[in-house]
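Please read the structure below before turning to the comments.
The values are calculated or read from the model by the stated rules, or taken from the named source; none is laboratory data. Since this is a predicted model, take the numbers as computed values, not measurements. Every residue, glycine among them, receives a Cβ derived from its backbone with ideal geometry; neighbour counts consider all protein chains shown.
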Amino acid sequence: MESFGQNSEWKVSKSNKCNLYTTTCAFSQESPLGLDLVDHVSARAAEKTKTNGVPFSTIKLAVSLPTTYMNNSGQSVALFAKNNSFRLKRPNSKNMMDEILVVHDDVSIPFGEIRFSPKGGDAGQNGVKSVIKCLGTEQFPRLRIGIGAPKGEAPMKADAQYVIGRWDCIQLKQLPYILNFACEGLRVYLHRGVNLAASCCNYKNCEEEYKKLHPDCSFDRFEVNDGQMCPNCVKLNKGEKVELEMLCQHGPNQYCTNCLATSDNNNAKHISFEDYINNEKKLLKKYCSNHPPYPRGLCTTCAPKPCTLARQKYRHVDNVQVVNRNCMDAFVQEWINYGERTQFMALLFGRYMRKEGENGVREIALVYALYKPKQRWENGKIVLEKDALMDCVNGVSASLNLRCVGMVMTSAPHEDPITSFDVDFIAPLQLMYKDRADYASKFVTVIVKRDAKKVIEPIACMLSDQCICMYRDGLLLPPKQADKCKSTTTGKNKELLSSVIRNDEKMGSQEVTEFEPLFFLVELTVTTAKAGSISPIFRQASFPCVNSAQETRDTLLKELITTLKEGRRDPNKMRMVLSDFYLLIELASVIGVESVVDMCQDILNDRPISAKSMELLSMIMESSY
């Protein structure tokens, strides 16, 4: 077999790439590669090959390696097959996808064996499942390389940590024989087809068969018994744990540092944020095979690990910048007009911006406008009500390329920067306003209150990821005191939750059910954007709040018509009139969000209102007479 080729890279999408190697394979009677395997299996097949050659003497080969997520592998395969117009080599073949061979691992096959098959299901392999979904058929051949299941477990119960885990030293010694034997089988597949390849390779020990073909070949890089081995790799199969009984002094369902299954993140200086969030789950592990379900049985494997309170050392957003200060001033003025006895909250709409500087990259939340949802002050706390205008708010903000980045709330004076009541109010909102593309929420909170000198001062903060995980899993209870957060170890359905541990310098580590809310505080900076540094979207903030207690639907509609008449003759002036977030929300509630999209685009791009939009606004003003 002779081959030549080149490497290249092609894009599946803007963020996903695929490595590609194209080559041409030509069959040669003088080269024994691939023929040795046929000779070893069948003398008749070997003689037939030497006399008549092979069905496919020259093959154009393209090896594609998707670098997408495993669950999206099918996108790369389907797009590559479409772009290269793969079609049947043998029109009479029942296999409709015989120009594609998918190579993947399989936990149901013992380690050291491979399988060729002309078709089949996904067998629980997410990558193959994606390929079947994107190609729309199961009729394509595949080469499955066995990795074996964890010792003592069924193949289908192998978790992701086992599949992506590292090989032990015994397996590393066998792996070159497996891969080279698989390459011999691939040569048979390419020139003779999948059926003969399956006859030659399936249900055979790859190391033993390859040594029969090539007795003088050796891939040994090190001997297992040479040198020293650590307890984590001495004579273990993949997925096994170290068992030195003389060092273990506990029962069968308990673990120590000797027999605890090691993780890929152990002793790592930094771990990914996704791994951190997954490790912060406070729930009881279900369906443990070692005992009956809780509360009839419990072991250290399925029990939730303790939650140790600690201040968060990082933050997802570094700074909150208010681009349009007029909207914030109007919100604070309303609070002052009520004598500061009634507290309010409003949602902040803006964007996130990454800025590089001398001290590195900073994440900044830009605030362009705010919206005060329907709410009431009851029993000393803010209670949010169902708001019929939220669809209009979300539609208008999306048309202006804005999103909800946080909230602003007023607070009575107190010594601590945040109270347990603030935590109870902020946590559900921070959890709810989380983008799917982010591992954690970037929802910021600005608290407006008077300091010790009676000066109104805003404070920007976030709740820590530990707090959000505890709220998500049901550990936090409604507080009764402003300076103490409450926790529980029993869920709503009487399931077991994590215990909360507090480290004290004098008393040491203790389990607690009450603790200070300062453990959850992540402090940010809040500033006003410098003039000219960021172009504002909204030029006005004079339209009344649509949920104000002093306004009704009739007064808001009348105010809308009066304001629109100020720019009825000039598209440029109309753009200035419409540059008010509350006015756009009221207008969207009257004529629909779809009718406001073009106006929002004109405001966003700082251009005169289009003639079509001006005609629509004229009809609204004329209908009021």
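Can you tell me how many residues within the stretch 418-437 are aliphatic (A, V, I, L, M), out of contact with any Lys or Arg (no Cβ under 9 Å at 6 or more places or on another chain) and under 12 Å from Cys467 (Cα atoms)? Qualifying residue count for the region: 2.
Only one entry of Ser464, Ser411, Ser498, Ser399 meets the criterion of being touching a residue at least 60 places away in the same chain (Cβ under 8 Å), within 27 Å of Ser535 (Cβ to Cβ) and among the polar types (S, T, N, Q), and that entry is Ser399.
State whether one or more residues within the stretch 508-518 are assigned by TED's automatic domain parsing to the domain that holds Met328, exposed (fewer than 11 other Cβ atoms within 10 Å of the Cβ), free of Cβ contacts under 8 Å to residues at least 24 places away in the same chain and in a loop (DSSP other than H, G, I, E, B). No. In the stretch 587-613, the residue that is nearest to Ala388 (Cα to Cα) out of those that are touching a Lys or Arg at 6+ places or on another chain (Cβ under 8 Å) and hydrophobic (A, V, I, L, M, F, W, C) is Ile603. Taking the criterion of being in contact with an Asp or Glu (Cβ under 8 Å, 6 or more places away or on another chain), buried (at least 16 other Cβ atoms within 10 Å of the Cβ) and in a loop (DSSP other than H, G, I, E, B), the only residue of the stretch 375-413 that qualifies is Ser411. Annotation: of all residues in the stretch 206-231 being of a type in the set (D, E, K, R) and farther than 23 Å from Ile109 by Cβ, the one that is modelled with the highest pLDDT is Asp216. Answer yes if at least one residue in the stretch 440-461 is in contact with an Asp or Glu (Cβ under 6 Å, 6 or more places away or on another chain), closer than 30 Å to Gln333 by Cα, in a strand (DSSP E or B) and among the acidic types (Asp, Glu), and no otherwise. Yes, the stretch 440-461 contains at least one residue that is in contact with an Asp or Glu (Cβ under 6 Å, 6 or more places away or on another chain), closer than 30 Å to Gln333 by Cα, in a strand (DSSP E or B) and among the acidic types (Asp, Glu).
Could you tell me whether the stretch 433-449 includes any residue that is surrounded by fewer than 17 Cβ atoms within 10 Å (Cβ to Cβ) and over 25 Å from Arg315 (Cβ atoms)? Scanning the stretch 433-449, I find no residue that is surrounded by fewer than 17 Cβ atoms within 10 Å (Cβ to Cβ) and over 25 Å from Arg315 (Cβ atoms), so the answer is no. In the condition set (1) acidic (Asp, Glu); (2) part of a loop (DSSP other than H, G, I, E, B); (3) loosely packed, with under 15 Cβ neighbours inside 10 Å, Asp329 is compliant with all but (2). Scanning the stretch 332-348 for residues that are part of a helix (DSSP H, G or I) and of a type in the set (Asp, Glu) returns a single hit, Glu334. Just so you know, in the stretch 419-432 the residues that are without any contact (Cβ under 8 Å) to a residue 40 or more places away in the chain and either assigned to a loop (DSSP other than H, G, I, E, B) or aliphatic (A, V, I, L, M) (or both) include one that is surrounded by the most Cβ atoms within 10 Å (Cβ to Cβ), and it is Ile426.
For every residue, the table says whether it meets (1) out of contact with any strand residue (DSSP E or B) (no Cβ under 7 Å at 6 or more places or on another chain); (2) modelled with pLDDT under 95; (3) among the β-branched types (Val, Ile, Thr).
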residue: Ala398; (1), (2), (3): yes, yes, no
residue: Thr410; (1), (2), (3): no, yes, yes
residue: Pro417; (1), (2), (3): no, yes, no
residue: Ser420; (1), (2), (3): no, yes, no
residue: Tyr433; (1), (2), (3): no, yes, no
residue: Tyr439; (1), (2), (3): yes, yes, no
residue: Arg450; (1), (2), (3): no, yes, no
residue: Lys453; (1), (2), (3): yes, yes, no
residue: Pro458; (1), (2), (3): no, yes, no
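Name the single residue, out of those in the stretch 175-204 being closer than 11 Å to Ser117 by Cα, surrounded by 17 or more Cβ atoms within 10 Å (Cβ to Cβ) and not β-branched (Val, Ile, Thr), that is farthest from the chain's Cα centre (by Cα). My answer is Leu196.
Within the stretch 365-374, not a single residue is assigned to a loop (DSSP other than H, G, I, E, B), farther than 19 Å from Asp422 by Cα and under 25 Å from the mean Cα position of the chain (by Cα). For the stretch 101-116, residues that are among the small types (Gly, Ala, Ser) and either crowded, with 20+ Cβ neighbours inside 10 Å or under 18 Å from Ala197 (Cα atoms) (or both) total 1. Looking at the structure I just gave you, is Asp416 in contact (Cβ under 8 Å) with a residue 24 or more places away in the chain, in a loop (DSSP other than H, G, I, E, B) and farther than 25 Å from Phe581 by Cα? When the stated conditions are applied, Asp416 passes them.
Scanning the stretch 328-385 for residues that are acidic (Asp, Glu) and either in contact with a strand residue (DSSP E or B) (Cβ under 7 Å, 6 or more places away or on another chain) or assigned by TED's automatic domain parsing to the domain that holds Ser579 (or both) yields Glu363, Glu385.
Each row is one residue, and each column tells you yes or no for (1) surrounded by fewer than 17 Cβ atoms within 10 Å (Cβ to Cβ); (2) touching a Ser or Thr at 6+ places or on another chain (Cβ under 6 Å).
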site	(1), (2)
Gly474	no, no
Gln481	yes, no
Asn493	yes, no
Phe520	no, yes
Ile537	no, no
Gln540	no, yes
Phe543	no, no
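Taken together, Val320, Val393 contain a single residue that is touching a residue at least 12 places away in the same chain (Cβ under 8 Å) and in contact with a Phe, Trp or Tyr (Cβ under 6 Å, 6 or more places away or on another chain), which is Val393.
Results for (1) part of a helix (DSSP H, G or I); (2) of a type outside the set (Val, Ile, Thr); (3) modelled with pLDDT of 80 or more, shown as yes or no for each residue.
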residue: Val128; (1), (2), (3): yes, no, yes
residue: Gln139; (1), (2), (3): no, yes, yes
residue: Gly165; (1), (2), (3): no, yes, no
residue: Phe181; (1), (2), (3): yes, yes, yes
residue: Ala198; (1), (2), (3): yes, yes, yes
residue: Lys204; (1), (2), (3): no, yes, yes
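Checked against (1) out of contact with any Cys (no Cβ under 6 Å at 6 or more places or on another chain); (2) of a type in the set (Lys, Arg); (3) modelled with pLDDT of 90 or more, Arg325 passes all but condition (3).
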